[in-house]
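Structure record follows, encoded as structure tokens.
Values quoted throughout were computed directly from the atomic coordinates according to the rules given, and no laboratory measurement underlies them. These numbers come from a predicted model, not from an experiment. Here the Cβ positions follow ideal geometry from the backbone for every residue, glycine too, while neighbour counts run over all protein chains shown.
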Amino acid sequence: MTAENKPKLLVLVGPTAVGKTRLSIEIAKAYSCEVISGDSMQVYREMDIGTAKITQDEMRGVPHHLIDVLKPDEPFSVALFQEACRRLIPEVTSRGHLPFIVGGTGLYVESVCYEFQFSEAGSDEEFRQAQVKYAEEFGVQALHDKLAQIDPASAAKLHPNDQRRVIRALEIHHLTGITMSAQLEGQTKQSPYDLCLIGLTMDRQLLYNRIEERIDAMIEQGLVQEVESLLNKGYTPDLVSMQGLGYKEIVEHLVDGVPLDQAIVKLKRDTRHFAKRQLSWFRHMKEIHWVDCTDGNFSKNLADIHAIIAGKFGASLEYNTKH
């Protein structure tokens with residue numbers, strides 16, 4: 001299938017706090033886009049502050065999908081994300097709009113861009129439970145170290161707190177003898193879409209400063225109260241959603257008595273590490289056009305993005321200068 005016959009798909013990725021949200025709205029207004037959130041946490045209702053979720057006002061009328069669609073105790077996975085995008089992208093295209101994935105969950109975004117086929121390895125519940133017990137006895141870092149020994153590439157992309165995915169990577173190797181990273185490397189990397197991939201980056205120290213400022217703002221906006229409300233509604237700390245950045249650390253403060261200032265220091269450190277892993281993931285995606293946002297010149301960054309889109313999609317997209 002030639003690019004002319006493939007449906008168009010615009011994608012904007014980058015690490016947390018790099019400035020995707022504000023730029024995405026300008027782009028969406030310019031090209032009549034509907035945004036599909038490529039974030040594994042923003043699907044959850046009542047988890048707004050800790051996920052830096054876009055507000056209705058910030059959307060400025062741009063349709064957004066896969067935000068606030070699940071309760072915090074409902075499952076969400078890369079396979080479910082893929083399935084949703086396979087439905088949404090043709091729907092958005094049929095309305096005469098441009099599908100636009102915006103987010104920082106690398107595996108989720110890449111799985112749609114290149115239609116990854118995930119392991120049919122099945123599952124081994126006994127093995128999973130053994131890994132859970134191992135983590136309970138020796139700690140999540142020790143479990144992560146097990147993965148690092150057999151699959152360092154996958155371990156580098158997964159935080160020790162992400163116990164569910166760490167166990168799944170161990171399970172895939174246990175069942176198939178092939179590492180998860182080797183399976184992903186074996187994917188064809190042929191996209192079913194006429195794909196325009198844009199990545200945002202900036203000076204590492206500046207990004208870290210922005211992350212710390214964002215977390216300070218989250219605390220001021222009521223992150224502790226948000227997590228407390230979730231706990232009071234019966235959402236337990238072991239849920240995948242409650243293991244997310246910003247939630248696990250505050251749970252440790254509220255439930256385990258970790259002093260708030262220590263929890264915040266840990267959250268800032270973990271988020272910096274997360275951003276580093278995000279950048280590592282995106283840097284191996286060969287087709288990304290990078291835009292460096294270090295200078296903070298929003299108009300220039302936006303102009304660079306318009307040039308990339310024009311170069312990829314050409315005159316087949318109208319740029320609405322009256323947005």
The chain - percent relative contact order, Cα under 8 Å, separation 6 or more: 27 percent
Using only Cα atoms, locate the centre of the range 30-86 and the centre of the range 224-248, then give the distance between them in Å, rounded to an integer. 18 Å
Tally Lys/Arg at +1 and Asp/Glu at -1 over every other residue whose Cβ is under 13 Å from the Cβ of ALA142; what's the total? -1
Can you list the aspartates and glutamates whose alpha carbon is less than 15 Å from that of LYS300, not counting same-chain residues fewer than 8 positions off? GLU26, ASP292
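ALA130: net charge of surrounding residues, Cβ under 13 Å, Lys/Arg +1, Asp/Glu -1, itself excluded?
Net charge around ALA130: -3.
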Output wanted: per-residue J couplings in Hz (rounded whole) for the range 39-53, from phi through Karplus 6.51 cos²θ - 1.76 cosθ + 1.60, θ = phi - 60°, x for Gly and Pro. 10, 6, 10, 6, 5, 8, 5, 6, 10, 9, 5, x, 9, 6, 5
Set of lysines near LYS8 by C-alpha distance (under 16 Å), chain-local residues within fewer than 8 positions excluded: LYS312
If one takes the longest principal axis of the Cα atoms in the chain, at what angle in degrees, from 0 to 90 and to the nearest 10, does the Cα axis of helix 78-94 lie? 20 degrees
Determine which lysines satisfy two conditions relative to LYS29: a Cα distance under 16 Å, and not lying fewer than 8 residues away in the same chain. LYS20, LYS322
How big is the shadow of the Cα convex hull of the chain, averaged over all directions, in nm²? 16.8 nm²
So, counting K/R as plus one and D/E as minus one, what does the shell of residues with Cβ under 10 Å around LEU107 add up to? +1
Helix 204-221: inclination vs the chain longest Cα principal axis, degrees, rounded to 10, gives 70 degrees
Relative contact order of the range 125-185 (C-alpha contacts under 8 Å, at least 6 apart) in percent is 29 percent
Highest-first arrangement of 35-42, 274-281, where packing means the average Cβ count within 10 Å: 35-42, 274-281
Rounded to whole Å, give me the distance from the Cα center of the range 126-195 to that of the range 256-281. 21 Å
Using alpha carbons only, how many degrees (0 to 90, rounded to 10) separate the axis of helix 298-313 from the longest principal axis of the chain? 70 degrees
The range 157-301: relative contact order as a whole-number percent, Cα under 8 Å and 6+ apart: 35 percent
